[in-house]
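Comments concern the structure below.
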Amino acid sequence: MMGRPIVVLSQNMKRESGRKVQKGNIGAAKAIADVIRTCLGPRAMMKMLLDPMGGIVMTNDGNAILREIQVQHPAAKSMIEISRTQDEEVGDGTTSVIILAGEMLSVAEQFLEQQMHPTVIISAYRHALDDMLDMLKDISTPVDVNDRAQMLKIINSAICTKALSRWSTMACNIALDAVRTVELEEHGRKEINIKLYAKVEKVPGGFIEDSCVLKGVMVNKDVTHPRMRRMIKNPRIILLDCSLEYKKGESQTDIEITREEDFSRILQMEEEYIQTICEDIIRLKPDLIFTEKGISDLAQHYLMKANITAIRRVRKTDNNRISRACGARIASRTDELREEDVGTGAGLFEIKKIGDEYFTFVTECKDPKACTILLRGASKEILAEVERNLQDAMQVCRNVLLDPSLLPGGGAVEMAVSKRLMERSKTLTGVEQWPYRAVAQALEVIPRTLIQNCGASTIRVLTSLRAKHTLEACASWGVNGETGTLADMMELGICEPLAVKAQTYKTAVETAILLLRIDDIVSGIKKKGDDQAGGGQGAE
């Protein structure tokens, strides 16, 4: 028995442990950060990605790029996850969060080489994170959300790093109007649901300048019967989610008929049923009906005789939006319709032809709580990029409305926080102060990348920026991303919401901590017989 190896793991498992794993994780995180490094700031480069289906994605939005990239390394996968988290939480700062997390890990590498235990580094990082969040609150300034010019400035600084920067005035107005429309305050809490109630409709053709926010809803549908009215002023609207046709059996239904008149009786019953449904609707004298299900030919005939326009197979989300815009309630059964279910808030219903398709517009609503953003542009790729940028702008606007605090942009916050962390680190004792100080150095990656991306001399500008921050009342000085020179960000009007910055720091530091904790990767390798081509999954 002496000297025989004991096999615990199965033969087709691959195991890596210790320093090698930590080095690998840091390497993977750095590689992901390098992919997007050039996408930060107003002079950002675009990336062009081909997805497996042959479609093209052109963007400089961190999250959109990483979503398309297929990676093998588990650490790289968790880096991609954080950019998605950032996008879902606050909608902006997806690029900076990856660059910061990569840098946080890269500065930890030297401590691992000096045999410092990961838990020491982690506790220093945690300590630094708490201090960073307190410092952000100190630096931040309150903002008046009713001051339109101030709000447009904030949204503009989110858009000016994107492809939309040429049309920034238009885009800022669109984003602000859309968010203001869907803002709802009830029982003392604000609710801004952009995803459900601010729909972006992309229609290829025309110019980007033609894009606008509709005071109402637009649906890609036409009327069901050609003789129905296509334009109605002040329509009375009914919304249904039941079908206006004869109910068919859920499963297969057999009917045995012995006499011939029974068959005509069955047909007559079907017609009577449809007639009853239509009479229930006509009783309320509406001008317009939207239903989520189908409308039979007979029902169309009855509705047309009553001069009612009907539109069928509307999506549930669109129906909800119309309901919010014109004040109608969605009814599930026609016999339950009441006068209060009728929506009278819309000023105009019309059907227009844009390009080859017909679009239904319910606009000029009195107090719409839902809206549609109509985007026009030359090609699908451009429209997709414009939509992504607009989503970011709307999210930024939402963040400010929910948490009205501002910070200077352009790397000014990072430098100010970095300087304060350096000073704080001098009060710490023991080994912990070194990783704590490293966090302060890691923050400088944002201004450094901004300087690199616009082609200025990194060392010279960064040194003068450090010097500037040692003076009194210069916390808002940062890098002008267009020219690569120093400027006061508050004067330039480049500012960011506190919510975005706080989320960026939290996510970046938490990810660095998570990846430093890992010291073992066990990966299952497929058996040779299963798949000749597939090597080790996740093992590389």
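Can you go through 419, 369, 352 and tell me which one is more than 25 Å from residue 497 (Cα to Cα) and among the basic types (Lys, Arg)? Before the answer, list the steps.
Working: 419 fails: more than 25 Å from residue 497 (Cα to Cα); 369 fails: more than 25 Å from residue 497 (Cα to Cα).
Going through 419, 369, 352 in turn, just one is more than 25 Å from residue 497 (Cα to Cα) and among the basic types (Lys, Arg): 352.
What are the residues in the stretch 63-85 that are touching a residue at least 12 places away in the same chain (Cβ under 8 Å) and part of a loop (DSSP other than H, G, I, E, B), if any? Talk me through it step by step, then tell me what you get.
Residues of the stretch 63-85 that are touching a residue at least 12 places away in the same chain (Cβ under 8 Å), as a first pass: 63-69, 71-76, 78-80, 82-85.
Once the filter is applied, which keeps residues that are touching a residue at least 12 places away in the same chain (Cβ under 8 Å) and part of a loop (DSSP other than H, G, I, E, B), the stretch 63-85 yields 69, 71, 72, 73.
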### Query
In the stretch 86-161, which helices (runs of 4 or more DSSP H) lie fully inside it and hold 1 or more residues that are free of Cβ contacts under 8 Å to residues at least 12 places away in the same chain, under 24 Å from the mean Cα position of the chain (by Cα) and closer than 30 Å to residue 192 by Cα?
148-159
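So if I check each of 382, 373, which one is under 20 Å from the mean Cα position of the chain (by Cα) and open to solvent by 10 Å² or more (accessible area, probe 1.4 Å)?
Details: 373 fails: open to solvent by 10 Å² or more (accessible area, probe 1.4 Å).
Testing whether each residue is under 20 Å from the mean Cα position of the chain (by Cα) and open to solvent by 10 Å² or more (accessible area, probe 1.4 Å) leaves just 382.
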#### Entry: Sole residue being open to solvent by 20 Å² or more (accessible area, probe 1.4 Å), of a type in the set (Asp, Glu) and closer than 30 Å to residue 212 by Cβ, chosen from 432, 482, 423
482
### Query
Residues of the stretch 437-460 being open to solvent by 20 Å² or more (accessible area, probe 1.4 Å) and farther than 16 Å from residue 33 by Cβ, which ones?
437, 454, 455, 456, 457, 458, 459, 460
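Residue-wise test of (1) assigned by the TED database to the domain that holds residue 315; (2) closer than 24 Å to residue 58 by Cβ; (3) among the basic types (Lys, Arg).
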site: 162; (1), (2), (3): no, yes, yes
site: 173; (1), (2), (3): no, no, no
site: 179; (1), (2), (3): no, no, no
site: 190; (1), (2), (3): no, no, yes
site: 195; (1), (2), (3): no, yes, yes
site: 208; (1), (2), (3): no, yes, no
site: 235; (1), (2), (3): yes, no, no
site: 251; (1), (2), (3): no, no, no
site: 265; (1), (2), (3): yes, no, yes
### Query
Given (1) at pLDDT 85 or above; (2) under 30 Å from residue 59 (Cα atoms); (3) surrounded by fewer than 19 Cβ atoms within 10 Å (Cβ to Cβ), where does residue 96 come up short, assuming only one miss?
(3)
### Message
I need the helices (runs of 4 or more DSSP H) fully contained in the stretch 365-480, keeping only those with at least 1 residues that are of a type in the set (Ser, Thr, Tyr), over 30 Å from residue 119 (Cα atoms) and in contact (Cβ under 8 Å) with a residue 24 or more places away in the chain.
### Response
458-470
### Query
Yes or no: residue 37 among the basic types (Lys, Arg), open to solvent by 10 Å² or more (accessible area, probe 1.4 Å) and farther than 25 Å from residue 455 by Cβ?
no
### Summary
Flagged in the stretch 158-170 as surrounded by fewer than 24 Cβ atoms within 10 Å (Cβ to Cβ) and small (Gly, Ala, Ser), in numbering order, are 163, 165, 168
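The values are calculated or read from the model by the stated rules, or taken from the named source; none is laboratory data. Source: prediction; values computed, not measured. For neighbour counting, all protein chains shown are included, and Cβ atoms are generated from backbone atoms with ideal geometry for every residue, glycine included. Note: accessible area is taken over every heavy atom of the protein model, side chains too, but ligands, DNA and RNA are not part of it. Shrake-Rupley method; radii C 1.70, N 1.55, O 1.52, S 1.80 Å.
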